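Working notes, beginning with the structure itself.
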Amino acid sequence: MAYDGESLKVVGTRPIRPDGVDKVIGRANFGADMTMPGMLWGKLKRSPHAHARIKSINTSKAEKLPGVRAVVSAADFPEIASEEAFVGEGPMNFRDLSYNCMARGKVLYDGHAVAAVAATSPAIAEEAVELIEVEYEVLPYVIDVEDAMKPNAPILHSDLFTQGVDPKPTAPSNVAKRVTFTKGDFATGWKEA
């Protein structure tokens, strides 16, 4: 069905935004402006390194700060087995997903979360995050996907062996899987083109 444009009442017009004035003058309320009784604010401690081994995490100072209700790191969560399950369109390894949520033993990218704080105010949560002490052993890294696939690239996951290649690899790689999609007979199609 095609529309001629004349029968449309809203498309192509500039409707009045009832919340426009409140937003422009700062009077509008947003989700971050709401406070509920007993509400806590969360803040993450993130790694400043692109690739590093976590030697130690000391959260004791943050835990003692008044207003802090909880401080956690990956050590506070159970280790998830490396198993693939189909979720949505393809397989997902929940262990790898959990490693991405919070670094366990090693940070894999700049900004990787290493600890989390829950506190009674955003300011207290921020202060507590600053009190968490993390000792890192900085490791070599690359920032280009082509460089990451090279044989001499620093390995992120020591237990990742490229799937879908023959013979089966004996050394870990940053390439998770090789997948080839084909349809039809290329040689015949090329010849007939």
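The values are calculated or read from the model by the stated rules, or taken from the named source; none is laboratory data. In this text, all values refer to a predicted model and were calculated from it rather than measured experimentally. So basically every Cβ, Gly included, is an ideal-geometry build from the backbone, and we count neighbours across all protein chains shown.
General observations
- Condition check for L131: in the same structural domain as K45 (by TED's automatic domain parsing) and either basic (K, R) or at pLDDT below 95 (or both): no
- Residue within region 45-65 that is part of a strand (DSSP E or B), in contact with a helix residue (DSSP H, G or I) (Cβ under 8 Å, 6 or more places away or on another chain) and not assigned by TED's automatic domain parsing to the domain that holds K177 present: yes
- Yes/no for Y109 being surrounded by 10 or more Cβ atoms within 10 Å (Cβ to Cβ), in contact with a Gly (Cβ under 9 Å, 6 or more places away or on another chain), of a type in the set (F, W, Y) and within 25 Å of Q163 (Cα to Cα): no
- Against the numbered list (1) surrounded by 14 or more Cβ atoms within 10 Å (Cβ to Cβ); (2) assigned to a loop (DSSP other than H, G, I, E, B), P78 comes up short only at (1).
- Candidate set: region 112-141, residues that are under 19 Å from the mean Cα position of the chain (by Cα) and outside any strand (DSSP E or B); chosen: the one surrounded by the fewest Cβ atoms within 10 Å (Cβ to Cβ): Y141
- Considering T59, T13, the condition of being closer than 26 Å to A128 by Cα and either among the β-branched types (V, I, T) or free of Cβ contacts under 8 Å to residues at least 40 places away in the same chain (or both) is satisfied by T59 alone.
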